[in-house]
Amino acid sequence: MAHTTGENLFTMKRVLRNLEADHDALREALADGRRMRDLLPYGDYINRYRNLTRDPMVVAIHKQFHESGLGGLTIDESMFPLSLRFEDDDVTLVFRRPEGFRHGTNEESSQRPLIERRSRIVLFWKYAEPGTDALKRISLQMFDNEGPLEEATMLSEKIPLLTKPESLTTAMFIPTHADEPRFVFGS
């Protein structure tokens with residue numbers, strides 16, 4: 001069953017608010033991931049084949065938050081290192097690059113079975129240039145939880161991590177079927 005736009009707004013505000021407490025630790029982990037990436041012995045291959053640089057960041061985030069959790073969510077070890085995700089009873093936060101969606105059939109997907117009422121938020125990350133705030137390269141986006149992430153419907157715009165939760169509005173969220181359960185003729 002789909003969540004309403006209001007429920008999605010409330011969930012995103014809660015996640016953003018909870019992540020505020022971890023901003024410094026997240027900056028530290030992102031800097032550590034960048035350092036590990038820069039030490040890779042791949043030479044020019046790093047710039048040509050971006051998927052070679054995923055693992056250092058995933059390891060850095062896991063190392064920083066595997067015990068404490070991230071934004072009040074606990075790490076889900078079951079899919080690591082193929083998938084890095086944090087969750088509680090209501091939300092799954094998936095850690096991905098903007099171009100990090102997998103290609104292949106559903107049978108090949110390494111994703112876990114879905115939990116129907118859980119909201120799914122993707123934390124999109126990019127490597128930041130040295131001397132810049134790495135958190136400015138992170139955004140969150142909500143997707144439906146009715147199938148594999150690669151086929152999911154976007155339920156929100158991309159929301160920068162540093163957005164103040166109180167500035168979010170329902171206009172940033174794409175209505176779900178639960179908001180308009182029937183077609184309204186002539187209005």
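Values quoted throughout were computed directly from the atomic coordinates according to the rules given, and no laboratory measurement underlies them. This is a predicted model, so every value here is computed, not measured. For neighbour counting, all protein chains shown are included, and Cβ atoms are generated from backbone atoms with ideal geometry for every residue, glycine included.
You can think of it this way: the chain between Ser167 and Asp55 has 37.0 nm of extra reach, that is 0.36 nm per residue less the Cα-Cα gap. Of the chymotrypsin sites (Phe, Trp or Tyr not before Pro) in region 1-98, the ones in a loop by DSSP (not H, G, I, E or B) with at most 10 other beta carbons within 10 Å are Tyr49. Placing a label point 7 Å from the Cα of Lys126 along the Cα-to-Cβ line, the residues of region 51-66 whose backbone N sits under 20 Å from it are 51-58, 61.
For GluC sites (Glu not before Pro), the sites in region 19-78 that DSSP calls loop and that have at most 10 other Cβ atoms within 10 Å are Glu67. Using the Cβ-Cβ distance between Asp90 and Asp133 with R0 set to 22 Å, the FRET efficiency works out to roughly 0.15.
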